[in-house]
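Please read the structure below before turning to the comments.
The values are calculated or read from the model by the stated rules, or taken from the named source; none is laboratory data. These numbers come from a predicted model, not from an experiment. Cβ sites come from the backbone with ideal geometry, for glycine too, and all protein chains shown count toward neighbours.
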Amino acid sequence: MSKIVKKVFKTIIDVLTMLVFLILILIIFAKVKMMVKGEEYFNMFGYSVFGVASGSMEPEIHQNDMIIIKKSKEYVKGDIVTFKENNAYITHRIITVNENNIITKGDANNTSDVAITKDRIIGKVIKVFSNAGVWHKVFKTPIIIIMIFVTLILFDIAFSYNGNKNNRNVKIVNKIKDIPLEEINKEKDSPKMTKEEMAKLYEKTDKVINGENVKFDKKEQDFLNYTVRLDLDELMSRIKTNIDEDKDA
């Protein structure tokens, strides 16, 4: 994975992590507020989120959609509102407003509902998200958000770890890039490499210099570590002497 692509992915993960963290804080705040006030549904600044369990409002709202509703001072004919009926939350359209009494009806239903008073209305629908009911369940279950948050944190750590490892490779390669590795291979106690292995190592070091993320195998890593441990100034002096002697001969 190139350095640029990796940086883009890490930025995306950081943004998602922050977004999920903010969502988690909001959900925890809403849960605490629900427990303190004894409320049964999410309510934040007059906004609530509900999942749609039936098709009574089709074709405008379908089963498994997610809706956002907002508390309002006035409700008029044509508004789609959510209210509680027995132990269920109903989302239907207002068909009649008679002072404080309101009659609703599902668009797909043949009969209207029993009249209710305005104070029983939780809010009117302001946004519908198609087939997003699963997200309503996610928002209602903080443990799922926590798991997503932890997963993103682990991804971020993984990207950071790989980045640190690649930075170490860059430092090693930059330190030995002017050293003829064939000469290192001639040292008595060096990890011996074949010509093919040496050519492959050169390819990888070139990629590191060009900013690519490269993984060295154990033998290559041992060879590089051995090279770094040498007295490079003394080694370069010795190599130069050998070259000069070859020229004189």
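Miscellaneous remarks
Yes or no, residue by residue, for (1) of a type in the set (Lys, Arg); (2) farther than 13 Å from Val125 by Cα:
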{"position": "Leu16", "(1), (2)": "no, yes"}
{"position": "Leu19", "(1), (2)": "no, yes"}
{"position": "Lys31", "(1), (2)": "yes, yes"}
{"position": "Glu39", "(1), (2)": "no, yes"}
{"position": "Val49", "(1), (2)": "no, no"}
{"position": "His62", "(1), (2)": "no, yes"}
{"position": "Ile69", "(1), (2)": "no, no"}
{"position": "Lys84", "(1), (2)": "yes, yes"}
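- Per-region count, region 3-58, residues of a type in the set (Gly, Ala, Ser), surrounded by 12 or more Cβ atoms within 10 Å (Cβ to Cβ) and either more than 18 Å from Ala88 (Cβ to Cβ) or modelled with pLDDT under 75 (or both): 1
- Among residues of region 169-184 that are farther than 23 Å from Glu196 by Cβ and outside the structural domain of Lys204 (by TED's automatic domain parsing), those with a Cβ under 7 angstrom from a residue that is modelled with pLDDT of 80 or more and surrounded by 16 or more Cβ atoms within 10 Å (Cβ to Cβ), sequence gap 6+ or separate chain, pair up as Val170/Val208.
- Residue in region 75-83 that is closer than 19 Å to Phe129 by Cβ, surrounded by 13 or more Cβ atoms within 10 Å (Cβ to Cβ), within 37 Å of the chain's Cα centre (by Cα) and not β-branched (Val, Ile, Thr) present: yes
- If the condition is being in contact with a strand residue (DSSP E or B) (Cβ under 8 Å, 6 or more places away or on another chain), part of a strand (DSSP E or B) and closer than 13 Å to Glu74 by Cα, then region 98-121 contributes Asn101, Ile102, Thr117, Ile121.
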